[in-house]
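Peer 1: Below is the structure I would like to discuss, written out as structure tokens.
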Amino acid sequence: MNVLEQNTSPKITSLISIISILLFLPLLLFATYQSVTLITRAVGTPANIIVDTKAVLEPIKTDFYHAFAQGGEEAEDMIAPISAEVKSLRPKLIRIDHIYDNFSVVKKDGGNLSFDWSRLDGAINTILATGAKPVLALSYMPAAIAKGGVIINPPDNWDDWATVVEKTIQHYSGKGEKNLGGIYYEVWNEPDLGSFGSWKLSGEKNYLTLYKYAADGAKRVQNANYFYLGGPATTGLYKNWIMALASTGARVDFFSWHSYLPDPKRYVTDQENFITWMLPYPWHTLKPTMITEFGFTGDKSTLYNTTYAAAYTAAVIRQMISGGASHIFSFELKDGPGQTNGWGLIGHQNAGKKIKPRYSVYGFIDQMVGNRLQVTGEGTWVTGFASINNKTIRLFLVNFDKSGSHVETVPVKFTNLDPGTYTVRQHFLFGSDSKTQQPITDGILEQKIYMATQTMVIIELTKTD
Amino acid sequence: MKKVLIILTGIILLVSIPIIVFFVGQQQEIRNKAAPATTLSIQPDKTSVSVGETVIWKILINTAENRVASAKVSLIFDQTKFEALSITNSTLAPRILNQGTLGAGTATITVAAQNTTNPITGQGEIAILRLKALNGSATPVAVQFATDSFVAGIGEDNPNVLTSTQPGSITIVGGNSDMAAAPTNTTTFPPGGVPSPTAIPTTKSLENLVAQPASPSALNFTVDAEATRGGKPLFKGTAPAGATITIVIHAVSPQTQVVTADTTGNWETTPAIALKTGTYTVVVTALHPTTGTTETVSSSFTISGGIGGAEENEITGDAIPETGSTETTLILLVAGCLMMVFGSITLTKKYI
């Protein structure tokens, strides 16, 4: 019998025991959960990077990730207030949706359709001024022709929809009008999502019907520059949607989908799946694949304001650097008004147009232009690729942990270097930027790089003699 | 007379034009709908390689009359002999549709033409594979195409125009060449498994694989599927010395293994993943190290006694779940804690 039991009544002892157990249990649960999380997070392979500087692979493309999407939170030209910031991103393609409803393009008087392009032209001109080409998501159904005036409904008359698409393409791609070449027209936006109509592959709200009439409209366009018509712009890569569209017989110039996937490596799986599905349709394998929105979550998240989003984007670009989609569109350029957890690369102008970390990734990775070099030893969290350009060798590494806490010291070895003295620059995005001189006699340079969580670094080797 | 000549010339022209158009059309049709006739082959850049060195393999295509849009190149090799370093596209296939994927004993890439108006035609290089030699071998070691290799032809009734594949081989010198003396045992899970049965003319057709060949064969094997082996039967046999042996166990998800016969022609292996109780067919293909010819035999065996029982999905090679057991652990913990609480309450009631 201990001191407590000797000096207190059995009832009090029992009561204290029960209270202790009740207090202890949540703590035990919490500690156990943390332990399980840590143990499971630790399952993975650390990186051990080896760059063979003489094993030169294919040229690296940097255009494909200079594509951006802007949502339609405001019924106006949302890019205009941030056009300078957008131009600095050197965008190649900018996608917008809500083109009919936000810009009041279509009217119907009696049986006749009329079109007022003035407001949409303004938004397109803004895009063109940034150096990008517009990608127009043909959305949503103009209220003037939609059943019940609801913009996510089918039209009362499908021919009206075909006419709307025809006039849109004629206006922007027609040689007698805006005369723009190589414009992408994407039929709808996320048709499978409830917010955008919950379209199916059959029934009254059949996406294939929507697409077919859009293709009919495109067919009627006269004297136009080459343009691309495609879809289905679904919320993910869905085999039934892709295969249904591929086998419709309608004109399909590109395939598109959205990817909100927490694991960057899933982008490779998606691309592999798409090509595997298309191999029996050889001509389709050569068509552009467009991930017209991507991110780690489709929900708003404060993580979009942090280096988490930057590292994620870099990790996705690494996965797509060879054999990836033709274009991947970061969603989105600018937060909507009042959003503190929006998807934007740039805050809304009312909140000071704050530049978020993700904004800096594209220019940083652009330094990697050149021919890809053979890299082995990527890990679960630290991935990367290397390039050679005008005898300058660069290695890009990103440490992305979707759980958000992994750190790693990465052994890095460059092999088959020509003997001589090299300037070795180690440049962390949002971090240190240092240079050292390293004599190389045996063709090998070894370093250990500490990668804090959600960090990106470029190691650059330039021979000085 | 002059009029007659003019009329005759006119008639000849009128008759010959449709005939020419007809025959040109016929030829055009023949060109547009050529029979599948594309071949893939692989060649090393040298005849032998030292352990630790890299060998560069050219993946070559000959499209014959076909017009090729894209090609999935899927390669398998003995992972104890080679480590895959990289695979990329080459001159005749300017685009990469799927990035190179490297595994233990496997390398895959999908390459393509620039567009449909400039398809891949003729002969040339479509991809380059770099392998590092790991262990010596007394006989050449092969790299071969898996059955999921696919060449997509434009305008064909059968989109896969690949008719045959030709493996390549190289001798690895130096290092621990004892590896060649002892049977090697490796496991790979390539998506397509065994090399195409139409790989080269000497390969037997798939229909002939069901039974052992009637003629005397250099390739023989036995299966020891005793229950005491725990669902991992022993495959053991003989083949030409140095032959690359590919063993495919046909299950829901086939398991493929590649081993090299030793200098006396012996080889053996077991599946890395235990098989469930049931009857299986195993197909064994031997690739001769010097002639490049292949021989295939097959057999059936039964796993019984319930000692096997590996889950089917184990052999799909799924990644280790990163957070897989959290929920189960928590449920068990909560259940345990609740039992503690109820136990304590019961004790309290008893003694208070």
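Peer 1: With the condition kept exactly as written, say whether any residue in the stretch A:372-382 is of a type in the set (Lys, Arg) and open to solvent by 50 Å² or more (accessible area, probe 1.4 Å). Walk me through it before giving the result.
Peer 2: Within the stretch A:372-382, the subset of a type in the set (Lys, Arg) is A:372.
From the residues that got through so far, the ones that are open to solvent by 50 Å² or more (accessible area, probe 1.4 Å) too are none.
Checked the stretch A:372-382: no residue is of a type in the set (Lys, Arg) and open to solvent by 50 Å² or more (accessible area, probe 1.4 Å).
Peer 1: Could you list, ordered by first residue, the pairs with Cβ atoms under 6 Å in which the first is in the stretch B:79-101 and of a type in the set (Phe, Trp, Tyr) and the second is open to solvent by less than 10 Å² (accessible area, probe 1.4 Å), at least 6 apart or interchain?
Peer 2: B:PHE82/B:LEU131
Peer 1: Looking only at the stretch B:79-100, filter to residues that are open to solvent by 10 Å² or more (accessible area, probe 1.4 Å) and more than 8 Å from chain A (Cβ to nearest Cβ); which one of those is nearest to A:GLN271 (Cα to Cα)?
Peer 2: This residue is B:PRO94.
Peer 1: Then there is this: Can you tell me which residue is least open to solvent (accessible area, probe 1.4 Å) among those in the stretch B:31-67 that are under 20 Å from A:THR415 (Cβ atoms) and away from every other protein chain (no Cβ under 14 Å)?
Peer 2: Filtering first and then ranking leaves B:VAL49.
Peer 1: Quick one: which strands (runs of 3 or more DSSP E) sit completely within the stretch A:67-118 and have at least 1 residues that are under 29 Å from the mean Cα position of the chain (by Cα)? It would help to see each step written out before you state the result.
Peer 2: On the way: elements: A:67-70, A:93-96, A:106-109, A:112-115.
Output list reads A:67-70, A:93-96.
Peer 1: Okay, next question. Report whether or not B:ALA93 is outside any strand (DSSP E or B), modelled with pLDDT of 95 or more and among the small types (Gly, Ala, Ser). Steps first, please.
Peer 2: On the way: outside any strand (DSSP E or B): yes; modelled with pLDDT of 95 or more: yes; among the small types (Gly, Ala, Ser): yes.
Judged against the criteria, B:ALA93 is a match.
Peer 1: A further question follows. Considering each residue of the stretch A:452-465, count those that are surrounded by fewer than 22 Cβ atoms within 10 Å (Cβ to Cβ) and either under 23 Å from A:TRP381 (Cβ atoms) or modelled with pLDDT of 95 or more (or both), and give that number.
Peer 2: If we filter the stretch A:452-465 for residues that are surrounded by fewer than 22 Cβ atoms within 10 Å (Cβ to Cβ), which is where we start, we get A:452-453, A:458, A:460, A:462-465.
Those left that are additionally either under 23 Å from A:TRP381 (Cβ atoms) or modelled with pLDDT of 95 or more (or both): A:452-453, A:458, A:460, A:462-463.
So the count comes out to 6.
Peer 1: Out of B:ILE128, B:ILE109, B:ILE76, which single residue is at pLDDT 95 or above, more than 14 Å from every other protein chain (Cβ to nearest Cβ) and not in a loop (DSSP other than H, G, I, E, B)?
Peer 2: On the way: B:ILE128 fails: more than 14 Å from every other protein chain (Cβ to nearest Cβ); B:ILE109 fails: more than 14 Å from every other protein chain (Cβ to nearest Cβ).
B:ILE76 is the lone residue from the list that is at pLDDT 95 or above, more than 14 Å from every other protein chain (Cβ to nearest Cβ) and not in a loop (DSSP other than H, G, I, E, B).
Peer 1: Moving on. Return a yes/no flag: does the stretch A:231-252 have any residue that is more than 12 Å from chain B (Cβ to nearest Cβ), among the polar types (S, T, N, Q), more than 30 Å from A:TRP381 (Cβ to Cβ) and open to solvent by less than 50 Å² (accessible area, probe 1.4 Å).
Peer 2: So the first thing to find is which residues in the stretch A:231-252 are more than 12 Å from chain B (Cβ to nearest Cβ), and the list is A:231-252.
With among the polar types (S, T, N, Q) added as a condition, the list becomes A:234-235, A:240, A:247-248.
If we keep only those that are more than 30 Å from A:TRP381 (Cβ to Cβ) as well, we get A:240, A:247-248.
Checking the rest, the ones that are also open to solvent by less than 50 Å² (accessible area, probe 1.4 Å) come to none.
Looking for residues that are more than 12 Å from chain B (Cβ to nearest Cβ), among the polar types (S, T, N, Q), more than 30 Å from A:TRP381 (Cβ to Cβ) and open to solvent by less than 50 Å² (accessible area, probe 1.4 Å), one finds none in the stretch A:231-252, hence no.
Peer 1: Please go through the stretch A:266-286 and give me each residue that is open to solvent by 20 Å² or more (accessible area, probe 1.4 Å) and more than 9 Å from every other protein chain (Cβ to nearest Cβ), ordered by number.
Peer 2: Answer for the stretch A:266-286, where residues must be open to solvent by 20 Å² or more (accessible area, probe 1.4 Å) and more than 9 Å from every other protein chain (Cβ to nearest Cβ): A:ARG266, A:THR269, A:ASN273, A:TRP277.
Peer 1: Any idea which of B:GLN114, B:GLN99 is in contact with a helix residue (DSSP H, G or I) (Cβ under 9 Å, 6 or more places away or on another chain) and not aromatic (Phe, Trp, Tyr)?
Peer 2: Numbers: B:GLN114 fails: in contact with a helix residue (DSSP H, G or I) (Cβ under 9 Å, 6 or more places away or on another chain).
After applying the criteria, what remains is B:GLN99.
Peer 1: Additional query: Only one residue in B:PHE189, B:PHE150 is crowded, with 19+ Cβ neighbours inside 10 Å, modelled with pLDDT under 95 and assigned by TED's automatic domain parsing to the domain that holds B:ASN89. Which one? Give the derivation first.
Peer 2: Values: B:PHE150 fails: modelled with pLDDT under 95.
B:PHE189 is the lone residue from the list that is crowded, with 19+ Cβ neighbours inside 10 Å, modelled with pLDDT under 95 and assigned by TED's automatic domain parsing to the domain that holds B:ASN89.
The values are calculated or read from the model by the stated rules, or taken from the named source; none is laboratory data. Model, not experiment: these values are computed from the prediction. When we count neighbours, we look across all protein chains shown, and the Cβ atoms used for this are built from the backbone with ideal geometry, even at glycine. Side chains included, ligands, DNA and RNA excluded: accessible areas come from the protein's heavy atoms. Shrake-Rupley method; radii C 1.70, N 1.55, O 1.52, S 1.80 Å.
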